[in-house]
Amino acid sequence: MPNENPPLLEIKDLSVKFSRYGQGLSQQELEVISNLSVRVKAGQVLAVIGSSGSGKSLLAHAILGILPSNAISSGQMIYRGEELTQPRKMELRGREIALVPQSVSYLDPLMKVGEQVKGLFGSEEARRRVFQKYALQPEAADMYPFHLSGGMARRVLVATAVISEARLIIADEPTPGLHPSIAQEMVRHLRELADQGRAVMLITHELDLAFRIADQIAVFYGGTTVELASVEDFRQGPHALRHPYSRALWAALPENGFQPLPGFQPYAGQLPPGCLFAPRCPQKTGECLDYVAMRELKGGMVRCCHAS
Ligand SMILES: Nc1ncnc2c1ncn2[C@@H]1O[C@H](COP(=O)(O)OP(=O)(O)O)[C@@H](O)[C@H]1O
Ligand code: SF4
Ligand SMILES: [Mg+2]
C-alpha cells in the first residue's frame with residue numbers, strides 16, 4: 001500500500017552545481033549531482049552505496065544545509081510532509097536530523113570532547129551513557145580533539161550524533177579506521193536506532209556492510225541514483241536487480257567471484273550524454289544516449305530505459 005509508512009525524508013531530482021571562475025574570470029558551473037532521488041522511512045536503514053566521488057557526502061551536506069557557499073542546489077526535499085527549506089534545515093540540524101560526518105576534521109578543535117558530544121541538547125547522564133557504549137574512557141570528556149587517536153575521534157563523532165533525539169541519523173562512512181569489534185558494535189547500534197523507530201541513512205562504499213544492516217539500498221553512480229532496491233533484492237542476486245551497475249556491484253563481491261567491471265566512473269564536468277553508465281554498459285543501445293529518468297519498477301526504482 002503506497003501510503004503505509006510514508007517516507008520521513010523524500011528527495012526528488014536533487015541537483016548540485018558549484019560555480020567557479022574559469023579562464024579570464026568567466027564564471028563556470030560544474031554539476032556534481034544531477035537528478036538524484038532517494039527516500040528514507042522511519043524504522044529503516046537506507047544504505048547509500050557508490051564509489052568515491054559519486055556524490056554521497058554532498059547528498060548528506062545538502063540535507064543538512066551545509067553545502068559550501070558556491071554550491072547551487074535545486075530539486076525537492078520533503079521532510080515529514082513539508083518542504084525542507086534552508087531555514088528549516090538550520091532549525092532541525094542536530095535536533096531532528098543528525099550527521100556523523102565522514103571526516104574527523106568536523107570536530108571543533110577548541111572545544112572539549114565531552115561538551116561536543118553533549119551538544120546543545122544532550123544531558124550529562126546521556127553523555128556518560130554514549131561514552132560507555134562507544135568505549136570512550138570518562139577522562140576523554142576533558143580532552144581536546146587533538147589528544148584523540150583517529151579511532152577515538154571517529155567514535156566521538158558517532159556519539160555526538162546518536163546522543164541527540166534525532167529522527168534521522170545520517171552516518172557518512174562511519175566505520176573505516178575503527179577496530180573491527182568497535183565497527184561491528186557501531187553498525188549494530190545504528191540498526192538498533194532504526195529498530196527503535198528512527199530513520200538511518202548509512203553512507204558507505206562497502207556493499208557487504210550495507211547487507212548486514214540495511215533494509216533498502218540506494219545505488220549512486222556519477223552523482224545520481226541508478227537504483228533503489230530492497231536488501232532482499234541484492235541477496236537474491238542479478239535476476240532481482242534492476243540496473244546493470246547494481247548487477248556489476250553484486251558480481252564484484254568476493255562471494256560472487258570477484259568479477260571486476262572494466263572502465264571508470266565519469267568525472268563531473270566530463271559526463272557522457274544520456275545514461276551516465278552507457279560507456280561501461282554491455283546492454284546499451286542508441287536509446288540510452290537520451291536522458292534516462294528514474295522510474296518505479298517492481299517495488300523499487302531504476303534509471304535504465306531497458307530495465308523490465
Ligand atoms: N566544494 C567542492 N567543489 C567542487 N567540487 C566538489 C566539491 N565537493 C565535492 N566536489 C565533487 O563532487 C563530487 C562528489 O563528491 P562527494 O559527495 O564528496 O563524493 P563521495 O562522498 O561519494 O566520495 C566529486 O567529484 C567531488 O570532487
Ligand atoms: S540505460 Fe542503457 S546504457 Fe544505461 S544502464 Fe540501461 S541499458 Fe545500460
Ligand atoms: Mg564521501
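The values are calculated or read from the model by the stated rules, or taken from the named source; none is laboratory data. Here the structure is a predicted model, which means the values were calculated and not measured. All Cβ positions, even for glycine, are placed from backbone atoms using ideal geometry, and neighbour counts span all protein chains on display.
For Phe220, indicate whether it is within 16 Å of ligand 2 (Cβ to nearest atom) and either small (Gly, Ala, Ser) or crowded, with 16+ Cβ neighbours inside 10 Å (or both).
On the way: within 16 Å of ligand 2 (Cβ to nearest atom): yes; either small (Gly, Ala, Ser) or crowded, with 16+ Cβ neighbours inside 10 Å (or both): yes.
The answer is yes for Phe220.
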request  = Any chance you could count how many residues in segment 34-57 are away from ligand 3 (no atom under 15 Å from the Cβ) and among the polar types (S, T, N, Q)?
outcome  = 4
query = Exactly one of (1) under 30 Å from Gln265 (Cα atoms); (2) within 19 Å of the chain's Cα centre (by Cα) is unmet by Asp233. Its number?
reply = (2)
task = Please indicate, with yes or no, whether at least one residue in segment 36-43 is within 12 Å of ligand 1 (Cβ to nearest atom), surrounded by fewer than 20 Cβ atoms within 10 Å (Cβ to Cβ) and either in a strand (DSSP E or B) or in contact (Cβ under 8 Å) with a residue 12 or more places away in the chain (or both).
result = no
query = Got a sec? Which of Ser103, Ser54 is of a type outside the set (D, E, K, R) and more than 16 Å from ligand 2 (Cβ to nearest atom)?
reply = Ser103
query = Can Leu46 be described as within 15 Å of the chain's Cα centre (by Cα), within 22 Å of Val187 (Cα to Cα) and in a strand (DSSP E or B)?
reply = yes
ask   = Mind checking which pairs have a first residue in segment 58-74 that is in a loop (DSSP other than H, G, I, E, B) and a second that is within 15 Å of ligand 3 (Cβ to nearest atom) and not small (Gly, Ala, Ser), Cβ under 9 Å, 6 or more apart or different chains?
value = Ile66/Leu99; Leu67/Val16; Leu67/Leu58; Leu67/His61; Pro68/His61
task = Determine the pairs where a residue that is in contact (Cβ under 8 Å) with a residue 12 or more places away in the chain, located within segment 159-183, has a partner that is of a type in the set (Ser, Thr, Tyr) and part of a loop (DSSP other than H, G, I, E, B) with Cβ atoms under 9 Å apart, the partner being 6 or more residues away or on another chain.
result = Ala159/Tyr134; Val162/Tyr134; Ile163/Ser123; Asp172/Ser103; Ile182/Tyr134; Ile182/Thr175
request  = Please find, within segment 117-148, the residue that is modelled with the highest pLDDT out of those that are of a type in the set (S, T, N, Q) and assigned to a loop (DSSP other than H, G, I, E, B).
outcome  = Gln137
message = Exactly one of these conditions fails for Leu107: (1) more than 13 Å from ligand 3 (Cβ to nearest atom); (2) closer than 14 Å to Ala199 by Cβ; (3) hydrophobic (A, V, I, L, M, F, W, C); (4) in contact with a helix residue (DSSP H, G or I) (Cβ under 7 Å, 6 or more places away or on another chain). Give me its number.
response = (2)
message = Please go through segment 190-224 and give me each residue that is in a loop (DSSP other than H, G, I, E, B), modelled with pLDDT under 95 and hydrophobic (A, V, I, L, M, F, W, C), ordered by number.
response = none
ask   = Of (1) buried (at least 21 other Cβ atoms within 10 Å of the Cβ); (2) in contact with a helix residue (DSSP H, G or I) (Cβ under 7 Å, 6 or more places away or on another chain); (3) among the small types (Gly, Ala, Ser); (4) assigned to a helix (DSSP H, G or I), Ala153 satisfies all except one. Which?
value = (1)
remark   = Flagged in segment 77-116 as part of a strand (DSSP E or B), at pLDDT below 95 and either surrounded by fewer than 20 Cβ atoms within 10 Å (Cβ to Cβ) or over 17 Å from the mean Cα position of the chain (by Cα) (or both), in numbering order, are Arg93
